[in-house]
Amino acid sequence: MGVTAPPPPLYSERMKRKADRDQNARWAAFVADLRSGAAAPANFDEQWAFYRECFDGRSAEAGPPPAWVPVGRIRSKSNLGRLMKKLSIRRYEELYSWTIREREAFWEEAIGALGVRFLKGPDRIMDDARGPEYPVWLPGASLNIVDSCFTADPEAVAVRLGREGKAEISEVTYQRLENLVNRFAAGLKTIGIGPGDGVALYMPMNLECVVAYLGIIRAGGYAISIPDSFSPSEVRKRLTIGRAKLVVTVDSFSRGGKSIPLYERAVRGGAPQAIVVSAGEPALLREDDLLWKQLLADSAEYESIAASPYDVTNLLFSSGTTGEPKAIPWNHLTPIKCAMDGHYHQDIRSGDTVAWPTNIGWMMGPWLIYASLINRASIALYEGLPAGAGFARFIENAGVTMLGTVPSLVKAWQKTDFNSIDWSGIRVFSSTGEPSNSRDYLWLMSLAGYRAPVIEYCGGTEIGGGYLSGTVMQPASPATFTTPTLGMEMILLDQDGRAVGEGEMGEVYIVPPSIGLSQELLNKDHHEIYHEGCPAGPDGELLRRHGDQVARLHGGWFKAQGRSDDTMNLGGIKVGSLELERVMGVHDDVHECAAIGVQVGGEGPERLVVYVVMSDGVGEEVNADATDHDRLRKELAKLIATGLNPLFKIHEVALIDSLPRTASNKLMRRELRADFLGRSGE
């Protein structure tokens, strides 16, 4: 009996491609049935099971399985679709290549599409005489970026406001918002705050926060962003680094039914003169402090302070691997990057409503303001805990069309009953802050009947937005990216400095220049942190390190793999391992400790795992089995909550006799990660 020869390679490839197309068609038919009601709506567990079964055996070369595919109307109505039609470009990949090849032309087009207002127009878009590390964008221009936030119809809604425990939604028009901004800016002048002065914002993301943020910049000052979850000691650091002359805060606010006394914390953090928002009875203030209403000027007439594109507008902070955070200045250029990403990647259009639970202390707070208002959309702000049914109902009732989130919040939403909530009006989801996982994000897409993609969005404060994202012109697969952001080039290198291929993982390096990329730090050497010691690109390009690990998948897809250095990402907040170890190291029972971030199951958010070498209480090392494990975990968690941030949660404490180190005494965190994943079976 003869042996059947294997099929020719070409035939095999054709069969694989046909099988991949059949899988895509089968999922598309399933989604169409769900939407039309032709098939009884399955619960999500059944949908997830079908998704996995549908794409079982998918060839790696086909890329991740798409859960959403753009159709003709979505493509033609999108901001990207209109841009491609204008440029006579048919494929998205061709458009992206054009934005890298013709950077000046791209940014000129983006600035025009956004309607950026100048008091004096630039001589050109970019002067690169000093090289890509130090380009001069918009030379000769004079502007105040706040002016570009008020190009919408004055009667259009600028902000939609909801509050925990209340069903009603209030609206603020563009005209009213600008009047409040002008009254705040004029009020700053009356108390001696002017151009070049720093004003700290230590408050939740509410209407007064948006007003104060824009008013500070319109008055020529710069906002110092401090997360409302930070302890007094962390507040003090940022006030000192930012040279704050004033702080704007609230007496207290409610989140999850708990009252949080921010004014008291600000005072304990050494706050200078304070402007205090008080919702109820006026707070008992220090002698020079003022209530919000006392600061606002009567007149709404105020002329923006003219500025250079490089004048500082905002000071944000990003943790490094030491106790002092990096102070990253934003200027009048950075919002153009925010708004451009929102315009083309999140597809924010005039008249949209944009929600993204965030805080002014992190870059997504300012990003939300600029990406919404410069694109003539509405900001949807919810005062309260965004994890429950109240927030979900607010998103529906506010008519949100673009909803941003973080993976930990999506996980929390899965505990909410969505049976009576309709999110079908959402056109786009977006996610940032930490790596996500595919099951959670397929669930998120199911809430809108798979009508909306999840635009994964990865970047940083020092980028002013994202370097890796997705678009509504490309299919979406949960927990993956489809493209570097427009005008931003990145390269993935392995440990030997070689560009990685498909199916490999590498460290992210940015190829400058781009609007939005930082060119200075307030308290660190910018060149040393981002450029010194970087390898050259494959074609000799100047590279800029970023610190993320990303897998290059087949078919042009990407997947985030966490940080490559001693910085981890906990709940969307970057924090240095050494910062965590410094706080925990004061515990009497800790002889030595090491903090690592671990992706459980190989995807999704990083979890904090702490390895501890025990002490006998007087500084001597003791055997690990002599301790109360649960007690130690709770006490270390309390130290982190009070000393750094209550949002940082310990996933596990592992006891060890000694920490692995190199011959030069460098801690080998990679070995600890491998040990934890091995011993836990994760």
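Tabulated values for the structure
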{"quantity": "Odd one out for R163 among (1) basic (K, R); (2) surrounded by fewer than 16 Cβ atoms within 10 Å (Cβ to Cβ); (3) in the same structural domain as H526 (by TED's automatic domain parsing)", "calculated": "(2)"}
{"quantity": "Test set (1) of a type in the set (F, W, Y); (2) outside any helix (DSSP H, G or I); (3) buried (at least 21 other Cβ atoms within 10 Å of the Cβ) - Y213 fails condition number", "calculated": "(2)"}
{"quantity": "Listing of strands (runs of 3 or more DSSP E) fully contained in the range 253-295 that carry 1 or more residues being in contact with a helix residue (DSSP H, G or I) (Cβ under 6 Å, 6 or more places away or on another chain) and of a type in the set (A, V, I, L, M)", "calculated": "274-277"}
{"quantity": "Test set (1) closer than 15 Å to P204 by Cα; (2) without any contact (Cβ under 8 Å) to a residue 60 or more places away in the chain - E281 fails condition number", "calculated": "(1)"}
{"quantity": "Test: V181 is in a helix (DSSP H, G or I), surrounded by 17 or more Cβ atoms within 10 Å (Cβ to Cβ) and of a type outside the set (K, R)", "calculated": "yes"}
{"quantity": "Extreme residue, nearest to the chain's Cα centre (by Cα), among residues of the range 519-550 that are aliphatic (A, V, I, L, M) and buried (at least 18 other Cβ atoms within 10 Å of the Cβ)", "calculated": "V550"}
{"quantity": "When residues of the range 103-123 are limited to those that are under 27 Å from the mean Cα position of the chain (by Cα) and not hydrophobic (A, V, I, L, M, F, W, C), the one surrounded by the fewest Cβ atoms within 10 Å (Cβ to Cβ)", "calculated": "G112"}
{"quantity": "Condition broken by L373, with the remaining ones in (1) within 28 Å of K559 (Cβ to Cβ); (2) touching a helix residue (DSSP H, G or I) at 6+ places or on another chain (Cβ under 6 Å); (3) at pLDDT 95 or above satisfied", "calculated": "(1)"}
{"quantity": "Number of the condition not met by P282 [criteria: (1) under 17 Å from E208 (Cα atoms); (2) surrounded by 16 or more Cβ atoms within 10 Å (Cβ to Cβ)]", "calculated": "(2)"}
{"quantity": "Residue count for the range 63-84, restricted to those that are surrounded by 13 or more Cβ atoms within 10 Å (Cβ to Cβ) and either assigned to a loop (DSSP other than H, G, I, E, B) or of a type in the set (A, V, I, L, M, F, W, C) (or both)", "calculated": "13"}
{"quantity": "Residue within the range 229-246 that is touching an Asp or Glu at 6+ places or on another chain (Cβ under 8 Å), at pLDDT 95 or above and not in a helix (DSSP H, G or I) present", "calculated": "yes"}
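A quick yes/no check of all residues on (1) in the same structural domain as Y310 (by TED's automatic domain parsing); (2) out of contact with any helix residue (DSSP H, G or I) (no Cβ under 7 Å at 6 or more places or on another chain); (3) assigned to a loop (DSSP other than H, G, I, E, B):
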{"position": "E61", "(1), (2), (3)": "no, no, no"}
{"position": "K86", "(1), (2), (3)": "no, yes, no"}
{"position": "E93", "(1), (2), (3)": "no, yes, no"}
{"position": "E104", "(1), (2), (3)": "no, yes, no"}
{"position": "W107", "(1), (2), (3)": "no, yes, no"}
{"position": "R117", "(1), (2), (3)": "no, no, yes"}
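The values are calculated or read from the model by the stated rules, or taken from the named source; none is laboratory data. Source: prediction; values computed, not measured. All Cβ positions, glycine included, derive from the backbone under ideal geometry; neighbour counts span all protein chains shown.
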